[in-house]
1. Please specify each residue of the range 238-260 satisfying the condition of being of a type outside the set (D, E, K, R) and in a loop (DSSP other than H, G, I, E, B).
2. Can you name the number of the only condition in (1) over 23 Å from residue 219 (Cβ atoms); (2) modelled with pLDDT of 95 or more; (3) acidic (Asp, Glu) that residue 85 fails?
3. Within the range 173-222, work out how many residues are outside any loop (DSSP other than H, G, I, E, B), at pLDDT 95 or above and either farther than 14 Å from residue 127 by Cβ or β-branched (Val, Ile, Thr) (or both).
4. Looking at 156, 229, which one is in contact (Cβ under 8 Å) with a residue 40 or more places away in the chain, farther than 26 Å from residue 128 by Cα, touching a Phe, Trp or Tyr at 6+ places or on another chain (Cβ under 8 Å) and buried (at least 23 other Cβ atoms within 10 Å of the Cβ)?
5. Quick one: is residue 64 surrounded by 18 or more Cβ atoms within 10 Å (Cβ to Cβ), farther than 26 Å from residue 202 by Cβ and at pLDDT 95 or above?
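The values are calculated or read from the model by the stated rules, or taken from the named source; none is laboratory data. This one's a predicted model, so the numbers in the text were calculated from it and none came from an experiment. Counting neighbours? That spans all protein chains shown, and the Cβs are built from the backbone with ideal geometry, glycine included.
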Amino acid sequence: MTNHQLQSIADLLYTARTEGVPLDPSTVDGWDTMTVADAYTIMELNLSRREKNGSLQTGFKIGATNTAIMTAIGADEPVWSALYDDMLAPNGFSFEHLKLLAPKIEPEIAFVIGADLPNRPITRADLLPAVAGIMPAIEVADSRYINVKVTAREVIADCAHASHYIVGQTLTPLTGFDLRTLGVMLLKNGEVAATAAGAAVYGDPVDAVCWLANKLIVSGRQIFAGAVIMSGSFTSAIPAAPGDSFEAVFDRLGSVTIKI
């Protein structure tokens, strides 16, 4: 893709997010030629714009950590994007006045990083001592598209559908946890919408965070001390409509609630 096409698509997606107007890719010049590498370039253009406009990066999110989701979007690995201070909402927050287009709810574990990770390929042995703790969390994902079959490139270009995130109030040390067996129950309007265990997240949420750290090396970004890492959804993304309320209840970690 040309630089002009990359910038034009970044502009359209930025407007879709800020104005709440969905984008139809079939109307966009060059969309059919977009590669995954192009999509990450578009994403970085909009991350840089947010930062220039004053948003403070607070961490990263990982998406498509479930094998079924990866298959559905034609990906052979997860995807990532950045989190910012204006994306963090308090526990119990109501989103009714925000410009969400097609929100979906994802229960996740949030990792809080206590020390900078080395700027080199890492393993679990490098990551675990750097984790200050974990918290229950919900991500509100929001696609800015209409009239398209979403594949990995659409997800990535749209900043991995990142919209908002909510974390619990208690930071729990990771010591003693096998996150593969940690369970979650997601309630929608008081009824069970989904249940799952951490093994659904890339086999283990710890391995998902390791994947992110190693993937970021090629982007010039790095997991930093104080970063919050949304490690990926335990369940499929649950569609939300105005008036819906959600609670994610995690074994031994507590719960998080929101209202759309």
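1. Within the range 238-260, 240, 241, 242, 243, 253, 260 meet the criteria.
2. (1)
3. Number of matching residues: 18.
4. Values: 229 fails: farther than 26 Å from residue 128 by Cα.
Of 156, 229, the one residue that is in contact (Cβ under 8 Å) with a residue 40 or more places away in the chain, farther than 26 Å from residue 128 by Cα, touching a Phe, Trp or Tyr at 6+ places or on another chain (Cβ under 8 Å) and buried (at least 23 other Cβ atoms within 10 Å of the Cβ) is 156.
5. no
Conditions tested, residue by residue: (1) buried (at least 16 other Cβ atoms within 10 Å of the Cβ); (2) in contact with a helix residue (DSSP H, G or I) (Cβ under 6 Å, 6 or more places away or on another chain); (3) among the aromatic types (Phe, Trp, Tyr); (4) without any contact (Cβ under 8 Å) to a residue 12 or more places away in the chain.
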{"position": "5", "(1), (2), (3), (4)": "yes, no, no, no"}
{"position": "9", "(1), (2), (3), (4)": "yes, yes, no, no"}
{"position": "14", "(1), (2), (3), (4)": "yes, yes, yes, no"}
{"position": "19", "(1), (2), (3), (4)": "no, no, no, no"}
{"position": "35", "(1), (2), (3), (4)": "no, no, no, no"}
{"position": "43", "(1), (2), (3), (4)": "yes, yes, no, no"}
{"position": "48", "(1), (2), (3), (4)": "no, no, no, yes"}
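Results for (1) in contact (Cβ under 8 Å) with a residue 40 or more places away in the chain; (2) closer than 27 Å to residue 154 by Cβ; (3) surrounded by fewer than 14 Cβ atoms within 10 Å (Cβ to Cβ), shown as yes or no for each residue.
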site: 77; (1), (2), (3): yes, yes, yes
site: 83; (1), (2), (3): yes, yes, no
site: 86; (1), (2), (3): no, yes, yes
site: 113; (1), (2), (3): yes, no, no
site: 116; (1), (2), (3): yes, no, yes
site: 119; (1), (2), (3): yes, no, yes
site: 125; (1), (2), (3): no, no, yes
site: 135; (1), (2), (3): yes, no, no
